[in-house]
Every structure is written in C-alpha cells, then in structure tokens.
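For reference, the structure discussed in these notes is given below.
The values are calculated or read from the model by the stated rules, or taken from the named source; none is laboratory data. What you see is a predicted model, and the numbers here were worked out from it, not measured in a lab. For neighbour counting, all protein chains shown are included, and Cβ atoms are generated from backbone atoms with ideal geometry for every residue, glycine included.
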Amino acid sequence: MDYLIQNLVTDAEVLARYGLTAEEYRDAMPAAIEAARGSMSASNAGRRQFLLDILEALLEAGLVDSVTKPQYGDDTIYRLAVPGFGDVAIIQKGCPDGAHSSIRWSVPDWARETYLWWLCDSMKAEPGEHIAKGIQRMRSRVLDPADRTVDGVIFHNHLCGTPKRRCPKQDRAVRIGGLLVPPPCIYILPDSSNPNARDLNWTGTQQRFFPGVLLGLFGIERQTLPAYLGHVGFQRKNGEVRTTISARFGVGRSTTYRR
C-alpha cells in the first residue's frame, strides 16, 4: 500500500482524472495522510467509548460493583466486579475475521469468566458471516483442552439497531450514551476440558453467568434469557469436527449455521 501511494505520483493519467498534477499530489499527500490517520483515530475512540458506555451503564444500574478500564499500552481488557460471582474480563477486539481479533488474546488469571467483544463496524459482510469466520479461526484454541480459552463472544457496536444494521431485538433497546442500543448478540462457547468428549455444547446446554447480567441491563429476565442467548458448539465425528453457531433473538426466533 505504501508503494502504491508513493508511486501514484508518476501516473499522470490517473491524477488527471481527479484534476491533479503530480506536483499538487506530492504537496497534498502528507496532509491527506495525517487527516486520514486522525479520522481513523477518532473512529477507534468512538468504538471504545460505545463499549465503555455500556459497561458504565451496568455500573449505574447496580449490576456490577466496579469497572476497571485498561491501562495505556496494555491489552484492551476491562475488568468487571460482578456481585456474588467474581471478576469478569471483557477483551475488546475489532472484526472477528482477522487473526488479531480472533486468536491473539490471553485470558487473565484473575477472571472467572472471559469474553471477546467484537466491535466490528465493517459492512463488507453480514454479522453472521463475520461471526462464522471468527469462530472458524479460533476453533483450534477453543478445542485445545490445555488452552485457557474464553467463555463466549459478543458481537455488538454502535451500528447495531441503526438503518445500516437493523436488529431483530430492537424492541428491547434502551438508551445508553445518547444512543438507542439493542441487546448485544452473545454466543456461549463450550467447555473443552474433556478431550474425549464427542459433543461440545452442540445443543447449547453450556451455562455461563455474565450473559444474564449483561442482558439484564435490557430488561431481559432470567426466565426468558435462553431465548436471547446464542451458542457455539462442536461435534467430533469420524475424525472430523463439525461446527454449529446458533443465534437467538426472542421467543421462537432463531437461526443456525452448521459446517
């Protein structure tokens, strides 16, 4: 990409299409690059603020006792103290189809439960496709009984519930940080500590604690919680591993992907 930007100055025909001379392009390029960097930084800051607003809303509602923000230079991991349970880690990531957001993470020693939170605003694919790509990338880590893996993944950002990314859970939306925010999509991952197990959460029986806390912010009570919780499962059969990803968005409403 750097090579392309630097050498575009020699392509007079392309520059002419945009009404530029080589000299004008050369003079304007440094300022344009800095402006793009600034815009990207502002966008990243906005994504981080969206997640922080939700976590602080949990605090204001009394659903967590404290929210500890990441320190500059460390991995972006929020620490939530959940009353009657313990500490929960939220690892902030971008789009799940990249290696950085799907397999490059570490579960902190202090966490009783840990979740990847994918703040993905890419419109190149539907959310389900993004999630499926991320799960396939991280599958080897989840299936490794020696690897301390995450307990679930969350796909949710500021576009959810807007015309750009309509949400079937919009009737449960609440106002957070000036936005009308629908409940996040949560997928429970299996416990893979038993290397001989044939089915790993294939039918979504794995239980976790924090999803009920998070969805409680949106008025979803414990008795209706299963209708809003997705799951990821694996099945070992004939030397192969199958994957199932189920999304649920209300009583009697769900969709399932299997591979």
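From the list PRO127, PRO190, PRO183, which residue is within 17 Å of GLY230 (Cα to Cα) and at pLDDT below 90?
Values: PRO190 fails: at pLDDT below 90; PRO183 fails: at pLDDT below 90.
Among PRO127, PRO190, PRO183, only PRO127 is within 17 Å of GLY230 (Cα to Cα) and at pLDDT below 90.
For region 205-221, enumerate the residues that are under 25 Å from GLN235 (Cβ atoms) and in contact with a helix residue (DSSP H, G or I) (Cβ under 8 Å, 6 or more places away or on another chain).
If the condition is that a residue be under 25 Å from GLN235 (Cβ atoms) and in contact with a helix residue (DSSP H, G or I) (Cβ under 8 Å, 6 or more places away or on another chain), then PRO211 is the only one that fits.
Out of all the residues in region 141-177, which are acidic (Asp, Glu) and closer than 25 Å to SER193 by Cα? Lay out the reasoning, then the answer.
Start the filter on region 141-177 by keeping residues that are acidic (Asp, Glu), which leaves 144, 147, 151, 171.
Of everything in region 141-177, those that are acidic (Asp, Glu) and closer than 25 Å to SER193 by Cα turn out to be ASP144, ASP147, ASP151.
Please determine, by comparing only the residues of region 128-147 that are charged (D, E, K, R) and over 15 Å from VAL107 (Cα atoms), which one is farthest from the chain's Cα centre (by Cα).
If we filter region 128-147 for residues that are charged (D, E, K, R), which is where we start, we get 129, 133, 137, 139, 141, 144, 147.
Now narrow it down to the ones that are over 15 Å from VAL107 (Cα atoms): 129, 133, 137, 139.
Details: GLU129: 13, LYS133: 12, ARG137: 14, ARG139: 16 Å.
Of everything passing the filter in region 128-147, ARG139 is farthest from the chain's Cα centre (by Cα).
Considering each residue of region 112-122, count those that are free of Cβ contacts under 8 Å to residues at least 40 places away in the same chain, not aliphatic (A, V, I, L, M) and not in a loop (DSSP other than H, G, I, E, B), and give that number.
Of the residues in region 112-122, 2 are free of Cβ contacts under 8 Å to residues at least 40 places away in the same chain, not aliphatic (A, V, I, L, M) and not in a loop (DSSP other than H, G, I, E, B).
Picking from PRO168, PRO83, which residue would you name as being within 18 Å of LEU217 (Cα to Cα), of a type outside the set (A, V, I, L, M, F, W, C) and free of Cβ contacts under 8 Å to residues at least 24 places away in the same chain? Spell out how you get there, then give the answer.
Values: PRO168 fails: free of Cβ contacts under 8 Å to residues at least 24 places away in the same chain.
Going through PRO168, PRO83 in turn, the sole match is PRO83.
For region 140-150, what are the residues that are in a loop (DSSP other than H, G, I, E, B) and out of contact with any Leu (no Cβ under 6 Å at 6 or more places or on another chain)?
Those that are in a loop (DSSP other than H, G, I, E, B) and out of contact with any Leu (no Cβ under 6 Å at 6 or more places or on another chain): ASP144, PRO145, ALA146, ASP147, ARG148, THR149.
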